[in-house]
1. Please tell me if ASP129 is assigned to a loop (DSSP other than H, G, I, E, B), without any contact (Cβ under 8 Å) to a residue 60 or more places away in the chain and open to solvent by 90 Å² or more (accessible area, probe 1.4 Å).
2. In segment 150-169, what count of residues is obtained for those that are farther than 11 Å from GLU14 by Cβ and assigned to a helix (DSSP H, G or I)?
3. Which condition number in (1) more than 9 Å from the ligand (Cβ to nearest atom); (2) in contact with a helix residue (DSSP H, G or I) (Cβ under 6 Å, 6 or more places away or on another chain); (3) small (Gly, Ala, Ser) is the one that ALA106 fails?
4. Quick check on LEU155: is it within 12 Å of the ligand (Cβ to nearest atom) and either among the aliphatic types (A, V, I, L, M) or farther than 18 Å from LYS18 by Cα (or both)?
5. Could you list, in sequence order, the residues of segment 160-169 that are open to solvent by 30 Å² or more (accessible area, probe 1.4 Å) and closer than 19 Å to GLN105 by Cβ?
6. How about segment 48-66: which of its residues are touching a residue at least 24 places away in the same chain (Cβ under 8 Å), open to solvent by 60 Å² or more (accessible area, probe 1.4 Å) and either within 15 Å of the ligand (Cβ to nearest atom) or under 21 Å from GLU14 (Cα atoms) (or both)?
7. So is THR31 surrounded by 17 or more Cβ atoms within 10 Å (Cβ to Cβ) and modelled with pLDDT of 95 or more or not?
8. Name the residues in segment 183-209 that are assigned to a loop (DSSP other than H, G, I, E, B) and surrounded by 12 or more Cβ atoms within 10 Å (Cβ to Cβ), would you?
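The values are calculated or read from the model by the stated rules, or taken from the named source; none is laboratory data. Only a predicted model underlies this, so the values are computations on that prediction, with no experimental measurement involved. Please note: Cβ atoms are built from the backbone with ideal geometry, for glycine as well, and neighbour counts cover all protein chains shown. Areas reflect the complete protein model, heavy atoms only, side chains present, ligands, DNA and RNA absent. Shrake-Rupley method; radii C 1.70, N 1.55, O 1.52, S 1.80 Å.
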Amino acid sequence: MQTPGKFIVIEGLEGAGKSSAVAILTQAIQTAGHIVVNTREPGGTAMAEAIRDVVKHDWIDEKVTVEAELLLMYAARAQLVQNVILPNLEKGFWVLGDRHDMSSQAYQGGGRQIDQNMIESLRAITLKDFRPDFTLYMDVEPKEGLKRVTGRGELDRIEQEDLSFFERTRERYLLLAQQDHNCIVINTMQDMQAVHTDLELAIQQFLEN
Ligand code: Z5A
């Protein structure tokens, strides 16, 4: 789908450093003269934020099925794409997303081990041929990522998963990144200054092309 604006996405496990990446990329894109609209997934519209609360909530006496989780992620995404992302891209603004479809492919496909064809069908129904123009996957070893975010308070339902869930998620992320020629991998197992330099170089190259 061709629009005047560009859709850039930051992906990665928890503790990969997505928050500071958002700040650096926003600044670089604005300096190049574009208006930036920031989004996060799941969330970003009133209804999608309500879905975010539902999907992250720990329902204690009720098992959240992997199918329900997947459907909720796509319901939130459908709302965000139609109400926020596409209208802004059509105005020529740049949209910078903290997570998008690759999160479902990695967390629900890799972590939860949902069949890839099922996810692909949902993707096709919800997003049709809409895809990011550029994705920066922030790679972190799960143990290190979880260490960085401990001490932030109570863990939500997904954060309570065991290490093997995050290892499967990371493995799927790396595979997806390798298959997507519009995606680059940023190694975040280095100090923050080096990560920031890599991010700046990557976005400059994209802006120049
Ligand atoms: N999810 C899903 O399953 N399927 C989907 O389709 C979608 C999402 C869209 C969203 O949670 C949850 O939903 C997420 C995936 C799932 N669940 N999990 N688990 P969220 O939005 O609340 O959480 P998040 O996206 O994972 O954000 P986060 O935990 O805040 O991660 P982050 O933004 O990457 O972390 P950060 O705040 O930038 O960095 C964390 C700390 O590490 C911070 O103190 C930094 O100073 C430090 N840091 C960062 N980089 C470094 C380096 N290089 N060295 C040392 N320290 C560092």
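1. Values: assigned to a loop (DSSP other than H, G, I, E, B): yes; without any contact (Cβ under 8 Å) to a residue 60 or more places away in the chain: no; open to solvent by 90 Å² or more (accessible area, probe 1.4 Å): yes.
Judged against the criteria, ASP129 is not a match.
2. Restricting attention to segment 150-169, the residues satisfying the condition of being farther than 11 Å from GLU14 by Cβ are 151, 153-154, 157, 160, 162-165, 167-168.
Filter once more, so that each one left must be assigned to a helix (DSSP H, G or I): 163-165, 167-168.
So the answer is 5.
3. Here ALA106 clears every test but (1).
4. Details: within 12 Å of the ligand (Cβ to nearest atom): yes; either among the aliphatic types (A, V, I, L, M) or farther than 18 Å from LYS18 by Cα (or both): yes.
Yes, satisfied.
5. Step one: list which residues in segment 160-169 are open to solvent by 30 Å² or more (accessible area, probe 1.4 Å), which gives 160-164, 167-168.
Passing the criteria: GLU161, SER164, GLU167, ARG168.
6. Once the filter is applied, which keeps residues that are touching a residue at least 24 places away in the same chain (Cβ under 8 Å), open to solvent by 60 Å² or more (accessible area, probe 1.4 Å) and either within 15 Å of the ligand (Cβ to nearest atom) or under 21 Å from GLU14 (Cα atoms) (or both), segment 48-66 yields LYS56, HIS57, ASP58.
7. On the way: surrounded by 17 or more Cβ atoms within 10 Å (Cβ to Cβ): no; modelled with pLDDT of 95 or more: yes.
Criteria not met by THR31.
8. Initially, segment 183-209 is screened for residues assigned to a loop (DSSP other than H, G, I, E, B), giving 188-191, 209.
Hits for segment 183-209 are THR188, MET189.
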